[in-house]
1. Specify the residue that is farthest from residue B:140 (Cα to Cα); the eligible residues are those in region B:2-21 that are in contact (Cβ under 8 Å) with a residue 24 or more places away in the chain and in a loop (DSSP other than H, G, I, E, B).
2. Is it the case, given these coordinates, that residue B:24 is modelled with pLDDT of 90 or more and either over 22 Å from residue B:145 (Cα atoms) or assigned to a strand (DSSP E or B) (or both)?
3. Please count how many residues of region B:278-296 are in a strand (DSSP E or B) and farther than 21 Å from residue B:359 by Cα.
4. Is one or more of the residues making up region B:67-78 within 30 Å of residue B:251 (Cα to Cα) and surrounded by 15 or more Cβ atoms within 10 Å (Cβ to Cβ)?
5. I'm trying to understand the selection: among the residues of region B:246-276, which are assigned to a strand (DSSP E or B) and touching a helix residue (DSSP H, G or I) at 6+ places or on another chain (Cβ under 7 Å)?
6. Could you tell me how many of the residues in region B:78-99 are touching a strand residue (DSSP E or B) at 6+ places or on another chain (Cβ under 6 Å) and more than 21 Å from residue B:126 (Cβ to Cβ)?
7. Scan region B:270-286 and report the pairs whose first residue is under 15 Å from residue B:199 (Cα atoms) and whose second residue is in a strand (DSSP E or B), with Cβ atoms within less than 6 Å and a gap of 6+ or a chain change.
8. Within region B:349-363, how many residues turn out to be at pLDDT below 90 and not in a strand (DSSP E or B)?
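The values are calculated or read from the model by the stated rules, or taken from the named source; none is laboratory data. Quick caveat, the model's predicted, so the values are computed rather than measured. Cβ atoms come from the backbone with ideal geometry, glycine included; neighbour counts cover every protein chain shown.
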């Protein structure tokens with residue numbers, strides 16, 4: 001079946017290393 | 001606030017909307033920071049394959065509510081409304097829908113500090129949640145819409161007018177004039193760019209008819225003009241008339257002549273899995289021409305309702321008028337059955353802000369049955 005991906009444009013602006021833990 | 005297309009009301013997304021789904025499970029993957037689309041697709045499939053029980057086996061699942069807002073995505077147990085997972089929106093890398101399956105990819109933390117070697121890449125641990133829902137596509141679209149609303153908010157907070165992002169980038173190409181149509185904004189919004197995997201039988205054509213996007217198009221590439229009924233492209237449910245086809249199996253079609261794009265589609269006939277990069281576009285495009293006075297040159301020529309030439313950098317080109325397109329409407333009035341002389345009259349008189357709806361003439365001929373589609 002078809003696969004659709006929507007990338008979060010904010011991904012590029014997030015500080016490297018920052019994330020949920 | 002500018003509206004962002006999607007299934008949700010903009011205001012509702014600020015507060016948060018809830019969708020019911022079945023939570024199948026979670027898994028972890030290690031990924032580089034901004035992987036290419038093909039890698040993301042493989043990751044989404046990998047996550048789904050790891051979590052989903054094989055055919056014939058019982059699939060453990062929990063009824064959940066998915067809370068989606070422009071700030072976070074939460075997974076709540078349906079009965080007690082307890083938060084099982086909570087991810088800030090900016091930590092969500094992407095959302096994928098595969099049939100009735102939804103895969104949410106969130107970045108957890110740096111798996112490995114960058115090594116001093118020049119070619120080292122930062123690696124991230126991704127947590128992948130897998131859900132089942134009849135509305136998987138709708139939920140994915142809502143999350144995509146939340147991404148877009150949050151991004152616009154971020155740009156605004158950074159002092160950037162989101163509607164000017166595209167226009168600023170275009171200055172080099174078209175001179176100091178402003179672009180009024182939404183093309184650049186639409187093309188540069190990653191929410192509109194999709195990677196679609198189409199499964200088909202070996203030797204079977206994709207079942208698409210292609211036309212040119214038209215001279216003057218900001219994204220010169222093949223446009224889907226028709227879909228073969230029951231063909232692999234139509235069966236996928238992911239393509240529609242008007243969509244721009246920008247790549248096939250990772251090979252870009254942008255800037256290639258139509259014959260080369262058609263040849264590239266024919267070449268995949270022997271394959272059973274084809275990846276298309278598309279930008280979803282409506283079949284009809286709206287050009288907005290700002291013409292302060294009726295004496296100002298419009299900057300295009302029309303022959304029998306079809307735009308046949310365009311003044312480079314003129315108000316028509318900047319407004320989104322494209323060569324090879326048929327004019328469908330002028331300021332809300334249909335002109336498909338209007339004589340040429342009357343169309344010229346309407347255009348000559350129109351000024352201030354002229355709204356023109358157009359579609360590639362070839363697409364129009366196919367849709368009205370004047371021409372038979374050649375399916376690839």
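1. Once the filter is applied, the top-ranked residue is B:2.
2. Answer is yes for this residue.
3. So the count comes out to 1.
4. Checked against the condition, which is being within 30 Å of residue B:251 (Cα to Cα) and surrounded by 15 or more Cβ atoms within 10 Å (Cβ to Cβ), region B:67-78 yields no hits at all.
5. Residues satisfying the conditions are B:248, B:251, B:274, B:275.
6. Here the count works out to 1.
7. Every condition considered, the pairs that remain are B:273/B:199; B:274/B:198; B:275/B:197; B:276/B:196; B:276/B:248; B:277/B:195; B:277/B:246; B:277/B:247.
8. 5
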